[in-house]
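Report on the structure given below.
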Amino acid sequence: MSQDPLTPQLAKANGDVKKLCEYLAARRGWDLATDAEQAAQDLGAAAIKLDDHLQAMIHASGAETAATSRPKTAAVEDGTLDRARLVRFASFLRDLDSWLVAQPGSTKNPEAIATLVELETNLSCIADMAAALVAATVQIDEPEPAVETVEDTAKDDEPSVDVEVEAGAIDAAGRPLQLIVDDTDEKPMVQEFQGRNELTSECKELVDVFLAAWGIEYSYYNRKKLLERMQRWITSAPEGQVLVLKIKTAEVPYEPYPSYVSRDVLAAKELEKDPWS
């Protein structure tokens, strides 16, 4: 179809999303206001949901997504991101998502497809930056109610991969509260294959075990998307911090989400567990 009415609408949406992406990129060193953590998480969730729908539309159109890249914008002097602004950003992305799902599920117009790919790249970047925003406020040593340590419940015959999952506490149902994914030279979580980065088989196994503990099952396509996000979350971790995968239980189905913890905090906790090491 030579004149696709969807193309100019997508171009406008992409322009707005690109401005939001550039806004956040220029303020990537800013702190969150004390009441803005949930708003930042909601922004990330809205970006991921819209990103999912964009990826499905791109694949249905016979195209492939592009690698995520952060826009090159000049940094704005230090400041604080307030809750109201982040709420507006999340609301905008949710409205855009509602509009997108009401459109045809695919397009054959090359210009529309190119815009979809660029739009998805910007959304993916926003999701990653939203996760980085909460990194400073989400700490691994936050108190958790009514839990017991894995050391108290682990059995000798459990697979060694389960020990990797713990790194903290479990809930009353025996589910690990978090999965620490520390990418090091000695134990890499990301490797290069045919010119592209991908998760190592060990990292994929850790993720699969963690999800299985929560009874989360993905189709092949959705698992592939999650692993792609994991790779981005690991490689875009703030300097000196490590990815911590947690589970959002506010609604069903449960969803994993990223947070980060200082490597120094991890090292201190390892010393606490084994003072003779």
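Here are the numbers for this structure:
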| read-out | value |
| --- | --- |
| Simple label model, 7 Å out from Cα along Cβ direction - Val252 to Thr34, nm | 3.7 |
| 3J(HN,Hα) from dihedral phi, region 119-129, Karplus parametrisation 6.51/-1.76/1.60, rounded to Hz, x for glycine, proline | 4, 5, 4, 5, 5, 4, 5, 4, 4, 5, 5 |
| Length added when fully stretched, Lys204-Ala60, from 0.36 nm per residue minus Cα-Cα | 49.2 nm |
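The numbers here are math on the coordinates, done by the rules we state, and not lab data. From a predicted model like this one, the values you see are computed outputs, not experimental measurements. We place every Cβ from the backbone using ideal geometry, glycine too, and count neighbours over all the protein chains shown.
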